[in-house]
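Below is one structure; the comments refer to it alone.
Here, each number is a calculation from the coordinates, and none is a lab measurement. Here the structure is a predicted model, which is why all the values come from computation and not from measurement. Glycine also receives a Cβ, built like all others from the backbone with ideal geometry; neighbour counts cover every protein chain displayed.
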Amino acid sequence: MVRATGIQSKPVYVYDGFKVDPNYQNWQLEAIRQQESYGTLSNPKVWVMQEFKNSIENHLGMPLPKGRVRFYRRDDDGQLEFTGENDIDHTPKDETIRLYTGNAFDMTGERTRTEYRADFNARWIDESFEIKIRNHKTTPAEIRIVEHLYRWTSWDIVKNSDAFKKLDSKTMEFTVQIPDDGEKTVTYKVHYSW
């Protein structure tokens with residue numbers, strides 16, 4: 001067991017609007033690619049993650065064993081207050097750890113497909129999405145919107161309302177600022193070819 005105090009972590013809000021339909025659980029990628037309705041279900045939850053660096057400066061800086069991490073903070077009376085927990089894998093020193101600790105109760109998301117066109121003989125699909133995030137907090141918030149490009153590994157974003165970062169061959173992320181008690185809409189169009 002490892003116990004440490006004074007670790008500086010920051011909350012990170014993540015919206016992953018893609019809700020997996022259990023009907024497609026064991027389907028092959030080629031079969032999913034041809035299902036027009038795949039990926040149209042929306043998840044309304046915004047995740048709250050805690051992110052921290054496993055460094056000496058952050059009162060850690062050692063290889064962390066796989067196991068459960070619990071987060072506490074001091075409330076206004078100085079009492080420890082449990083704020084969340086989750087499991088980590090073996091983690092080397094000086095790496096950043098991001099753990100899911102629950103869903104935000106004052107933020108919601110909505111993901112809608114606005115366009116779908118396909119020509120399977122010419123081997124392409126065009127798909128457009130609109131993602132709306134509502135922040136009901138009394139402070140502005142930064143949200144990371146994660147989008148999964150599940151139709152195929154060869155894709156191009158041909159139109160986008162905001163800058164994004166490619167995380168891997170099938171994932172991209174928009175980082176957006178939402179004003180207090182405000183809403184932000186992100187749109188994009190993806191072109192798949194095979």
Spelling it out for residue 12: with amide H atoms placed in the peptide plane at 1.01 Å from N, the residues 5 or more places away or on another chain with amide H under 5 Å from its amide H are 49, 50, 51
Residue-wise HN-Hα coupling along the range 170-181, computed from phi with Karplus coefficients 6.51, -1.76, 1.60 (Hz; x: Gly, Pro) | 10, 9, 9, 9, 9, 10, 10, 9, 10, x, 4, 6
Pick from 179, 44, 92: which residue has the top mean-square fluctuation in a GNM of the chain where Cα pairs under 10 Å get a spring?
-> 92
What is the fewest-to-most order of 30, 51, 85 by other Cβ atoms lying within 10 Å of their Cβ?
-> 30, 51, 85
The chain: relative contact order from alpha carbon pairs under 8 Å, six or more residues apart, as a whole percent, is 21 percent
Fewest-first ordering of 158, 190, 12 by Cβ atoms within 10 Å yields 158, 12, 190
Could you run the Karplus curve 6.51 cos²θ - 1.76 cosθ + 1.60 with θ = phi - 60° over the range 73-82 and give me ³J(HN,Hα) per residue in whole Hz, x for Gly and Pro?
-> 9, 8, 7, 4, 8, x, 7, 6, 10, 6
Within the under-12-Å Cβ sphere about residue 136, not counting residue 136, Lys/Arg +1 and Asp/Glu -1 give a net charge of -2
Computed FRET efficiency, Cβ-Cβ of residue 175 and residue 121, R0 45 Å: what is it to the nearest 0.05?
-> 0.75
Set 45/159; 10/93; 10/137; 53/137 screened for pairs whose C-alpha atoms are more than 22 Å apart = 45/159; 53/137
In whole Hz, the Karplus estimates of ³J(HN,Hα) for the range 189-194 (6.51, -1.76, 1.60; θ = phi - 60°; x where Gly or Pro) are 10, 10, 10, 9, 9, 8
